[in-house]
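Colleague: One structure coming up, written as structure tokens, with questions to follow.
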Amino acid sequence: MRKALFVAGLFSALTLSAAVPQTHIYRNDGKFFHKYEGDITIIHSTRNSKNYIVIDDGMHTTEIPLQKINRIEVTDIDIPRLHINTPSRPNLKQVEDKENYLNANISIEGNGYADDLEQTSVMVKGRGNSTWWMAKRPMRLKFEKKTSIAGFKKAKSYVLLANYIDPTSMRNAIAMKMAQLLGIQWANHMVPVNVTFNGNDLGIFMLTEKVGINSASIDIDETRGMLFELSNEYDEKYKFYSSVYNLPVMVKDPDLDEIAAANPALGTATEIFNKWKNDYNKAEDMLRYGNPAEAFDLDSFADFILLYDLCRNGETGHPKSFYIHKENLDAGTLYKAGPVWDFDVAFNIVMPYNDAMVPASATDPNWYNALLSTLFQNSKVKARYRAQLKRFADELLPQLLDYFDELEPLIRSSVKMNGLIWPGGDNYGWTMSINSFDHENNVAKLRTWILDRVNYLKKQYNIQ
């Protein structure tokens, strides 16, 4: 099971840690779930003609009426557990600041799934935009030097996605798997992990690469290339509104101040920025005047649009978290879509409709900004989209469902525990959080939604 979940090449050098017994006790009263990592003792007892089992984990004992137990599963493999501690703030339950790093240390119990990590210094802070204000907060980890954890390529920075509004904890992972199957370049990898913060169990997160220009994400030369983020957050230092479609364009990477200081021959940071600003505006001009292939890699944008259509991710409409990159300013080099990112507001997310909160329909059309809408009018983009949709439905969908069926049981117990930690029910106006305890049912709904979505798109584009 484990090997099938790993993306080819990502974990090729991984040495497994020793297997750790995992005991999951499912109950039929729908109120509790018990998960144990490590050796435990289970004995049977009888009192007042009633049967019980007593679990001793070496620190506590738990007594459960036998009639309330549905099943007990024991396995050698579970998802890793990350322990994060902040010595200067030992009573902190989770991160409270997304602007300033806090010194911390981290260790990892691989649980038979990944390498263990001995206690190592790290810095931690919060991250995210809309998700930052939710009860369970996403985090960013930053090591002093490039470090490989949980099988990832060495990197200084990693991200922990909280997936608070996703009752399956699978949406981002499924979307990235779709991207990988479609051959979309620089798609992130997702490793599910349990997180303990200063001894406080925060539930399940997805560990992934930080999007940026680096060997673990977009592997291009940062002195020559550019990663733009189009987002109405509009909160980076170097930014502009594009001349044709009035889109909010920000420099995500590289750090132009650092590049200019280290490479004076390239000019000042402002001079470098203005070159890229002018280049991007010229690209939009070429699109407006009917020459998109001279500025944009049409195949990459067609695949990008298809992926966001399959997931019904409308973040590109605002736009938000919409990335495009270019390797250099040389003549003939094209802007490419991606990396793809942020699938919290996607799939069957609960949204307001007629004064109620309901799951988004699989037959809802998606929403795109003016750049993508104009590109999609191009005949070559449409042809690529249709060909890739047919390929996905015929060849790739079965592979996605295999991954789906492998991931679900692996994280099931952790997602149930997550539901006990975070009850959910928070209404944010544009969505609400759903308790993740009923994992099997939530996953079944997501699977059905994906199948319905593929069928809907096939009908829309007359794909047989």
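The values are calculated or read from the model by the stated rules, or taken from the named source; none is laboratory data. Bear in mind that the values here come from a model prediction, so they are computed numbers and not experimental data. Neighbour counts are summed over all protein chains in view; Cβ atoms, including those assigned to glycine, are modelled from backbone coordinates with ideal geometry. All accessible areas refer to the heavy atoms of the entire protein, side chains included, with ligands and DNA or RNA removed. Shrake-Rupley method; radii C 1.70, N 1.55, O 1.52, S 1.80 Å.
Colleague: Out of the residues in region 407-460 meeting the condition of being of a type in the set (S, T, Y) and under 30 Å from R71 (Cβ atoms), tell me which one is surrounded by the most Cβ atoms within 10 Å (Cβ to Cβ). Don't jump to the end; show me each part of the working.
Modeller: Restricting attention to region 407-460, the residues satisfying the condition of being of a type in the set (S, T, Y) are 413-414, 428, 431, 433, 436, 448, 456.
Add one more test, that the residue is under 30 Å from R71 (Cβ atoms), and what stays is 413-414, 433, 436, 448.
Working: S413: 25, S414: 23, S433: 20, S436: 28, T448: 12.
Step by step, filter region 407-460, then rank; the result is S436.
Colleague: Just to be sure, is N129 on the phi > 0 side of the Ramachandran plot, polar (S, T, N, Q) and at pLDDT below 95?
Modeller: On the way: on the phi > 0 side of the Ramachandran plot: no; polar (S, T, N, Q): yes; at pLDDT below 95: yes.
Criteria not met by N129.
Colleague: Which of the residues belonging to region 102-135 are touching a residue at least 40 places away in the same chain (Cβ under 8 Å), surrounded by fewer than 21 Cβ atoms within 10 Å (Cβ to Cβ) and either under 16 Å from N198 (Cβ atoms) or charged (D, E, K, R) (or both)?
Modeller: Residues satisfying the conditions are D115, D116.
Colleague: So which of F152, F143 is at pLDDT below 95 and either in a loop (DSSP other than H, G, I, E, B) or open to solvent by less than 10 Å² (accessible area, probe 1.4 Å) (or both)? Explain how you work it out, then say what you get.
Modeller: Working: F143 fails: at pLDDT below 95.
Going through F152, F143 in turn, just one is at pLDDT below 95 and either in a loop (DSSP other than H, G, I, E, B) or open to solvent by less than 10 Å² (accessible area, probe 1.4 Å) (or both): F152.
Colleague: In addition: Check N198, N214 and return the single one that is open to solvent by 10 Å² or more (accessible area, probe 1.4 Å) and either aromatic (F, W, Y) or modelled with pLDDT under 95 (or both). Talk me through it step by step, then tell me what you get.
Modeller: Working: N198 fails: either aromatic (F, W, Y) or modelled with pLDDT under 95 (or both).
After applying the criteria, what remains is N214.
Colleague: Can you give me the ranges of the strands (runs of 3 or more DSSP E) entirely in region 168-256 with at least 2 residues that are without any contact (Cβ under 8 Å) to a residue 12 or more places away in the chain and β-branched (V, I, T)? First the steps, then the outcome.
Modeller: Working: elements: 191-197, 200-209, 226-230, 239-241, 248-253.
Filter on region 168-256 gives an empty set.
Colleague: Is one or more of the residues making up region 348-371 more than 24 Å from the chain's Cα centre (by Cα) and crowded, with 18+ Cβ neighbours inside 10 Å?
Modeller: yes
Colleague: On to the next question. I'd like to verify a number: residues in region 37-63 that are assigned to a strand (DSSP E or B), open to solvent by less than 70 Å² (accessible area, probe 1.4 Å) and either under 19 Å from S413 (Cβ atoms) or among the β-branched types (V, I, T) (or both), how many?
Modeller: Qualifying residue count, region 37-63: 5.
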